[in-house]
Each structure stands twice: as structure tokens, then as C-alpha cells.
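Asks: Quick one: this structure, given as C-alpha cells, is what I'll be asking you about.
The values are calculated or read from the model by the stated rules, or taken from the named source; none is laboratory data. For clarity, every value in this text was computed on a predicted model and none was experimentally measured. A quick note on method: Cβ atoms are made from the backbone with ideal geometry, for glycine too, and the neighbour counts reach across all protein chains shown.
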Amino acid sequence: MLGSAHFAQPDFRDCEKWNNRVISNLLYYQSNYLAMAVDIFIVIGFMSPLEIILGGAVIVLIFMGSMWASENKAAISHFKCHYPTMFVLTILLMSYSSFPPLVASWFSCLESPYRYF
């Protein structure tokens, strides 16, 4: 069970075997990360469904707005083509910075069910 072949240093000269090993490990861990993300999303969705729906709506609206802007504005389209990573990070930053004010304004309009206790 604890044979030397199992825990031996991999042969870096055998590229095909090394690549297959790396890819199989990445696929295995990728499925674990996906399963954990789905589980966490479901648990948080049950705990606070309104925030999940609002967050998803904000992200979808900002993403749709950025796609519309990149199709209709030359400067944004140029930025998207030359800096795709920065474009995605900008969308994420806009989503992150606009979500808390929307949630705060939404909850300030609602009455607290515990205010009479």
C-alpha cells in the first residue's frame, strides 16, 4: 500500500504522463470546488433568498449594461479587446460596489417585523 512508486518523485522528462497526471488532478479538484460552491450557494440561498435574488439581478444588469456599452461605444470596445481581464474585474468591482447601496435602500423601505417586540 505504501509502495515507493506511489510516493516517488514524478519523472519530469515524461511529459505525456506528467500532463495526464496534472489534468486528472485538476479535473478532480475542479469538481470538488464546483460541488462546494453549489452547496454554499444553496445554503445561503435558503438563509437569505432576497439577497441572493437581488445580488443576481445586480450582476446580470451590470453585465448586460457593460455588454451593451462595449458594443455601442468604441472606447469601451477597445478596452474590452485589449484588456479582457481588466474588463471582467471592472464588472465585478462595479457589481460589488453597487450591491450594498441597493440592499440598504431596499431594506430601509421594508418594515422590520421585530420592531414591536
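Asks: Does any residue in segment 73-86 that is outside the structural domain of Phe63 (by TED's automatic domain parsing) come within less than 7 Å, Cβ to Cβ, of a residue that is surrounded by fewer than 11 Cβ atoms within 10 Å (Cβ to Cβ) and outside any helix (DSSP H, G or I) six or more places away or on a different chain, and which pairs are these?
Replies: none
Asks: Answer yes or no as to whether Gly55 is modelled with pLDDT of 80 or more and under 24 Å from Ser97 (Cα atoms).
Replies: No.
Asks: Please work out if Phe79 is at pLDDT 80 or above, assigned to a helix (DSSP H, G or I) and over 14 Å from the mean Cα position of the chain (by Cα).
Replies: Criteria met by Phe79.
Asks: Quick one: is Val88 closer than 23 Å to Ile42 by Cβ, modelled with pLDDT of 80 or more and part of a helix (DSSP H, G or I)?
Replies: So Val88 fails the test.
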